[in-house]
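First up is the structure itself, then whatever we jot down about it.
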Amino acid sequence: MTYYITTPAFYVNDLPHIGHAYTMIATEFFAAHMMQRGEDVAFMTGLDEHGQKIEKAAAANNKSPQQHCDDIAESFTRLWDLLEIKYDYMTRTSSPAHKDFVVDFYNRVKSNGDIYKGTYTGLYCVSCEDFKLEKDLEEMDGQLCCPVHKQPAEEYEQENYFFALSKYSEKLEKYIQDNPDFISPDYRKNEVLSWIKEGLKDFPISRVGLNWGIDIPDDSGDANGNKQKIYVWFDALTFYLSGLGEDRDKYWSKDTYKVQVIGKDILRFHAVYWPAMLMSAGYPLPDKVFGHGFLTKDGMKMGKTLGNVIDPVALTKDFGADAVKFYFMRELTFGKDGDFTQDSFITRLNADLANNLGNLLNRCLNIIKKNFDGVIPDVETSAEFKEIYENLEVNFFKLMDKMSPHFALEELFLTLNKVNAYVNDTAPWKLLKTGEAEDIKKAQICLVTALELCYKAAIYLAPLTPQLSLKIMFNLGLISDQQFDLGNNPKDNLYQEIFSFNRLPKSLNNGKINLDFKPVFSRLDLAEAA
Ligand code: MSP
């Protein structure tokens, strides 16, 4: 299968925040997981660089819009590097190739008869870069404000070019009904269907008075010389195709499974505007648009004014990329809003990575080192656990397909709990002392089974926590120091080779663990973390 997965194009009005990192971490987990399953995967991310919001931010920083965008773009790529996130394409909407594509897209929509001139009167929120109805706003200090950004909406009256969205209501509704997985999770689908039922209105796709944007191709300007620029959402949404360049026909095709991961706040743009625009321009529609939930901190919305934002750079520098990525995918239910607390961060990482997985591996390796000089006993794994592995594999894949990474990881750690209980009950350290052949065999089966499961965990976790997985591989004697340094690029051949095994591969370690094994995850201390 060819699989194309995307994040939204992040706004570059400010430095990247934890919400951006959350979308990115999840999307990369799906991409790398599918790659591990041998699929042909392309992962696209981007930066949304035009519009009034960016223009204002650049002015506030005394920079030209392009300079401002270049500087912030660097902060984004630095964060993705720090989080060890690899992507195949990154589109910046201020790039010439993107501009050319937007113009071409506009012309396709126009030649389909879906663009006309009209006057728009209404309210506009610059932070959302979206038109608002009075009913969607709340009154604050006698002004109508955006409920998300708490800023007054601006009065807006302009002659603009419109996109004939209303023409697509029925087709869109049919597509949603015919493709039950298109809008996910399910509860978001109902929201979209209710918008369609309320009636879709044509919307302006151009603006005057905006300098930092793409020109409407055939607009000669008004009497005052004001030219129409393309509305930022009509521009930005096309980055999913523009950035593919020569690979566009391959990845944005009917035969490719196209998944778009977004936050719930931008569902309307992706589940209504975007598919209608694609229908009009004659391109296939995405197979899935998944709207994830929002992060809060200690039960509260995060915001600069509240002073409670989580800085993704500081968090990653303090705890490492593996820890940050694992926490967000394991602790929070993808799709639902999720709360970050320092306690849950420390508790989750210690419980799963340091104790459940880390200690299990360490205990078994110690016994094998002490009693068998590091040679992994040549016995079959326990039959009961063989079945448990098989169920895990089926469930893990199924849950990842459903875009429920938290449940997939839960399955894995519940299985590791069972292995821990099995090791505790069997107590191989005691059995090995009796000197009875039967006891020794029982201990050996237990140890080999536990190692097999740790190996399996390393494989499943590799797309999310590559360094942790490499440490496990190193301890199991599957990779040498030198290879260990080679890192974690999922596209690296070495990585592919190692992770394609489904059984602890004796061919790679000659049946011996690495006697110089090290703990794979050090316990975090709450006091130190604070
Ligand atoms: N530029 C638009 C997207 C254009 S796509 C054609 C945009 N950018 S954004 O920077 O505001 O948001 C990008 C992503 O970050 C969205 O998926 C959004 O939901 C996500 N998040 C922003 N704040 C968030 C939280 N507090 N929590 C979780 N995700 C959040 O919208």
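The values are calculated or read from the model by the stated rules, or taken from the named source; none is laboratory data. Given the structure is predicted, the values throughout are model-derived calculations rather than measurements. So basically every Cβ, Gly included, is an ideal-geometry build from the backbone, and we count neighbours across all protein chains shown. Keep in mind that these areas ignore ligands, DNA and RNA; they rest on the heavy atoms of the full protein, side chains included. Shrake-Rupley method; radii C 1.70, N 1.55, O 1.52, S 1.80 Å.
Isolated Cys in the chain by the 4.7 Å beta carbon test?
Cys with no partner Cβ under 4.7 Å: Cys69, Cys145, Cys364, Cys446, Cys454.
For the stretch 347-441, build the charge dipole from Cβ charges (+1 Lys, Arg; -1 Asp, Glu) around the Cα centre, then report which of Pro377, Val394, Leu349 sits farthest towards its positive end.
Farthest towards the positive end: Leu349.
Output ³J(HN,Hα) for the stretch 465-473: one whole-Hz value per residue in order, computed from phi by the Karplus curve 6.51 cos²θ - 1.76 cosθ + 1.60 with θ = phi - 60°, and x for Gly and Pro.
Once rounded to whole Hz, the list reads 10, x, 5, 4, 5, 5, 5, 5, 4.
Taking the Cα centre of the chain as origin, work out the dipole magnitude from +1 charges on Lys and Arg Cβ and -1 charges on Asp and Glu Cβ, in debye rounded to 20.
Roughly 900 debye, rounded to the nearest 20.
Taking θ = phi - 60°, what integer Hz values does the Karplus form 6.51 cos²θ - 1.76 cosθ + 1.60 yield along the stretch 7-12, in sequence order, with x for Gly and Pro?
Those phi angles translate into 9, x, 8, 6, 5, 9 Hz.
Give the angle, between 0 and 90 degrees and rounded to the nearest 10, that separates the Cα long axis of helix 437-461 from the longest principal axis of the Cα atoms of the chain.
Tilt of helix 437-461: around 10 degrees.
Averaging sequence separations of C-alpha pairs under 8 Å and six or more residues apart, then dividing by the length of the chain, give the relative contact order as a whole percent. Numbers along the way, then the final one.
Details: 794 pairs, mean separation 78.9, N = 530.
Rounded, it is 15 percent for the chain.
Considering only DSSP beta bridges with both partners in the chain, what is the antiparallel share in %, to the nearest 5? The partial results should precede the final answer.
Numbers: 25 of 51 bridges.
Taking every DSSP beta bridge within the chain, about 50 percent pair in antiparallel fashion.
Loop-only check: which trypsin sites (Lys or Arg not before Pro) in the stretch 132-173 are DSSP coil with at most 15 other Cβ within 10 angstrom?
Details: sites: Lys132, Lys135, Lys150, Lys167, Lys171; in loops: Lys150.
Here the trypsin sites (Lys or Arg not before Pro) that fit, given the DSSP loop and packing criteria, are Lys150.
Kindly provide the GluC sites (Glu not before Pro) of the stretch 403-487 that DSSP labels as loop, not H, G, I, E or B, and whose Cβ sees at most 16 other Cβ atoms within 10 Å.
In loop regions of the stretch 403-487 (DSSP not H, G, I, E or B), the sparsely surrounded GluC sites (Glu not before Pro) are Glu436.
Between Asp339 and residues 5 or more places away or on another chain, which pairs have amide H atoms under 5 Å apart, with H built 1.01 Å from N, and which residues are they?
Amide H neighbours of Asp339: Thr296.
Summarise the accessible area of the chain (1.4 Å probe, protein heavy atoms) by the percent that is carbon and sulfur. Present the calculation step by step, with values, prior to reporting the outcome.
Values: 10950 of 22880 Å².
Using a 1.4 Å probe with all protein chains present, the chain comes out at 48 percent carbon and sulfur.
Quick check for you: with a 1.4 Å probe and neighbouring chains kept, what is the accessible area per residue of the chain, in Å²? Don't skip to the end; give the middle numbers.
Values: 22880 Å² over 530 residues.
Computed with neighbouring chains in place, this is 43 Å² per residue.
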